[in-house]
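Undergrad: Got a structure for you, written out below as structure tokens; questions coming shortly.
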Amino acid sequence: MTSEELVLGIDFGGTKVALGLARRDGTLLATRRLDTDAAAGAEQVVTRALAGARSLVSDAYAHLGSVGVVSPGIVLPDRILLAPNVPGWERLHLKELVAAEFPDLPIAVGTDAKAAALAEWKWGTLAGADPAVFLSLGTGIAAAVLVGGRLLTGANGAAGEIGYNLLAPPDTDGFASGAAPLEEAVGGRGLGSRASALLGRPVTAGELFALARENTQAKELVTAALDELSMHVANLAIAFDPQRVAVGGGLVRSADVLLPALRDRLAAAVPFPPELVPARFDQDASLLGAVALAL
């Protein structure tokens with residue numbers, strides 16, 4: 001395929017696993033996607049993903065220089081924290097399992113949203129921005145902050161886990177009770193569930209944004225969600241004073257509705273509003289993040 005050193009990226013998501021073989025400049029040469037099949041548990045996901053990865057790189061294995069692996073949650077050597085969506089995921093020794101499949105290669109593991117931020121800073125719309133924020137809006141909600149091109153991880157690797165933000169002073173249901181208030185309010189899964197209950201049929205978050213153009217109930221739900229989300233994004237910008245914020249994840253497919261709402265709140269609430277841009281890599285951000293992490 002090529003004589004240059006290549007990088008394998010593996011992105012474990014809540015609904016899919018993305019695999020990619022890339023050059024060191026982030027160019028993807030080959031990709032593959034698998035359903036997570038979360039209900040069947042964690043081990044089968046990893047087993048199928050590693051088999052698919054081995055097949056993907058079979059013709060180029062001699063040129064493989066490193067492997068990057070990302071996952072939701074906080075990826076530690078012996079477990080994964082804050083990742084409840086796949087049964088058994090929190091008990092995985094992810095780095096060890098990948099190393100067994102790819103012995104003698106450097107293995108880097110990390111959190112998907114933070115790795116996506118690194119990819120956007122290396123090759124995307126956050127290039128040159130300092131500080132920079134990557135906002136991941138999809139099934140879940142998370143943010144990542146880069147200062148001088150270095151990720152702010154926090155004392156426990158949990159910096160930017162804004163899905164756990166409380167919504168109001170009277171809130172008593174937070175992480176300790178198993179809740180992720182902001183994610184449940186404005187994440188894709190939460191929006192889809194509320195839209196389905198409201199409209200009496202299965203509706204995804206993406207469909208909800210489309211329906212909001214002509215359906216009054218859908219519009220009210222989207223407006224309330226954007227009001228809530230934009231307040232938290234503004235507070236994040238006030239706290240870190242970023243030069244630029246890049247927005248990625250599945251909800252960016254509705255950028256024509258999403259981004260103006262965020263820009264308006266930033267302009268009204270933040271003393272020094274950051275530039276707000278869509279992420280360059282859209283749906284491949286976490287996969288390219290795995291590549292960036294490996295490098």
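Undergrad: Give ARG194, ARG213, ARG189 a once-over and let me know the one that is basic (Lys, Arg) and outside any helix (DSSP H, G or I). Lay out the reasoning, then the answer.
TA: Working: ARG194 fails: outside any helix (DSSP H, G or I); ARG189 fails: outside any helix (DSSP H, G or I).
That would be ARG213, the only listed residue that is basic (Lys, Arg) and outside any helix (DSSP H, G or I).
Undergrad: Taking the criterion of being more than 23 Å from ARG91 (Cβ to Cβ), touching a helix residue (DSSP H, G or I) at 6+ places or on another chain (Cβ under 7 Å) and hydrophobic (A, V, I, L, M, F, W, C), would at least one residue in the stretch 36-52 satisfy it?
TA: No: zero hits.
Undergrad: If you don't mind, there's one more thing I want to ask. Quick check: is even one residue across the stretch 161-176 in a helix (DSSP H, G or I) and either over 29 Å from PRO131 (Cβ atoms) or outside the structural domain of GLY148 (by TED's automatic domain parsing) (or both)?
TA: As a first pass, look at the stretch 161-176 and keep what is in a helix (DSSP H, G or I): 162-164, 175-176.
Cutting the leftovers down to either over 29 Å from PRO131 (Cβ atoms) or outside the structural domain of GLY148 (by TED's automatic domain parsing) (or both) gives us 176.
Yes: the stretch 161-176 contains one or more residues that are in a helix (DSSP H, G or I) and either over 29 Å from PRO131 (Cβ atoms) or outside the structural domain of GLY148 (by TED's automatic domain parsing) (or both).
Undergrad: Also: Based on what the data block shows, is LEU208 within 20 Å of the chain's Cα centre (by Cα) and hydrophobic (A, V, I, L, M, F, W, C)?
TA: Considered against the rule, which asks whether it is within 20 Å of the chain's Cα centre (by Cα) and hydrophobic (A, V, I, L, M, F, W, C), LEU208 comes out as no.
Undergrad: Taking the conditions exactly as written (in contact with a helix residue (DSSP H, G or I) (Cβ under 6 Å, 6 or more places away or on another chain) and surrounded by fewer than 24 Cβ atoms within 10 Å (Cβ to Cβ)), does GLY68 satisfy them or not?
TA: It is false that GLY68 is in contact with a helix residue (DSSP H, G or I) (Cβ under 6 Å, 6 or more places away or on another chain) and surrounded by fewer than 24 Cβ atoms within 10 Å (Cβ to Cβ).
Undergrad: What number of residues within the stretch 199-220 satisfy the criterion of being crowded, with 16+ Cβ neighbours inside 10 Å and either more than 16 Å from VAL257 (Cβ to Cβ) or touching a Cys at 6+ places or on another chain (Cβ under 9 Å) (or both)?
TA: Here the count works out to 1.
Undergrad: Please verify whether VAL291 is surrounded by 17 or more Cβ atoms within 10 Å (Cβ to Cβ), more than 24 Å from ASN165 (Cβ to Cβ), of a type in the set (Val, Ile, Thr) and under 16 Å from the mean Cα position of the chain (by Cα), treating the condition exactly as stated. Step through it out loud before you land on a result.
TA: Working: surrounded by 17 or more Cβ atoms within 10 Å (Cβ to Cβ): yes; more than 24 Å from ASN165 (Cβ to Cβ): yes; of a type in the set (Val, Ile, Thr): yes; under 16 Å from the mean Cα position of the chain (by Cα): yes.
Taking the combined requirement at face value, the residue satisfies it.
Undergrad: Could you please tell me which pairs satisfy a Cβ distance under 9 Å, a separation of 6+ or placement on different chains, a first residue in the stretch 97-115 that is more than 23 Å from ALA142 (Cβ to Cβ) and in contact (Cβ under 8 Å) with a residue 24 or more places away in the chain, and a second residue that is among the hydrophobic types (A, V, I, L, M, F, W, C) and assigned to a strand (DSSP E or B)?
TA: Close Cβ pairs satisfying both conditions: GLU101/VAL67; PHE102/LEU8; PHE102/LEU64; PHE102/VAL67; LEU105/LEU8; LEU105/LEU64; LEU105/VAL67; PRO106/VAL67.
Undergrad: Can you pull out the residues in the stretch 7-26 that are touching a Phe, Trp or Tyr at 6+ places or on another chain (Cβ under 9 Å) and farther than 25 Å from PRO87 by Cβ?
TA: LEU8, ASP25, GLY26
Undergrad: Would you please name the residue that is nearest to THR27 (Cα to Cα), looking only at residues in the stretch 102-122 that are assigned to a helix (DSSP H, G or I) and touching a Ser or Thr at 6+ places or on another chain (Cβ under 9 Å)?
TA: ALA119
Undergrad: Mind listing just one residue for me: the one in the stretch 79-129 that is among the polar types (S, T, N, Q) and surrounded by fewer than 24 Cβ atoms within 10 Å (Cβ to Cβ) and, of those, modelled with the highest pLDDT?
TA: Filtering the stretch 79-129 for residues that are among the polar types (S, T, N, Q) and surrounded by fewer than 24 Cβ atoms within 10 Å (Cβ to Cβ), the one modelled with the highest pLDDT comes out as THR125.
Rundown of residues vs (1) assigned to a helix (DSSP H, G or I); (2) not polar (S, T, N, Q), yes/no style:
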site: SER254; (1), (2): yes, no
site: LEU258; (1), (2): yes, yes
site: LEU266; (1), (2): yes, yes
site: ARG280; (1), (2): no, yes
site: GLN283; (1), (2): yes, no
site: LEU288; (1), (2): yes, yes
site: VAL291; (1), (2): yes, yes
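Undergrad: Taking the stretch 37-67, which residues are part of a strand (DSSP E or B) and within 29 Å of PRO87 (Cβ to Cβ)? Show your work before the answer.
TA: Going through the stretch 37-67, the residues part of a strand (DSSP E or B) turn out to be 64-67.
Listed by number, the list holds a single entry, VAL67.
Undergrad: Any idea which residue in the stretch 77-100 is nearest to the chain's Cα centre (by Cα), counting only those that are in a helix (DSSP H, G or I), charged (D, E, K, R) and within 19 Å of THR36 (Cα to Cα)?
TA: So, considering only residues that are in a helix (DSSP H, G or I), charged (D, E, K, R) and within 19 Å of THR36 (Cα to Cα), the one nearest to the chain's Cα centre (by Cα) is GLU90.
Undergrad: Shifting gears a bit: Identify all residues within the stretch 1-49 that are among the polar types (S, T, N, Q) and within 19 Å of the chain's Cα centre (by Cα); write none if there are none. Steps first, please.
TA: We begin by selecting, within the stretch 1-49, every residue among the polar types (S, T, N, Q); these are 2-3, 15, 27, 31, 36, 44, 47.
Answer for the stretch 1-49, where residues must be among the polar types (S, T, N, Q) and within 19 Å of the chain's Cα centre (by Cα): THR15, THR31, THR36.
The values are calculated or read from the model by the stated rules, or taken from the named source; none is laboratory data. From a predicted model like this one, the values you see are computed outputs, not experimental measurements. Every residue, glycine as well, gets a Cβ built from its backbone with ideal geometry; the counts of neighbours run over all protein chains shown.
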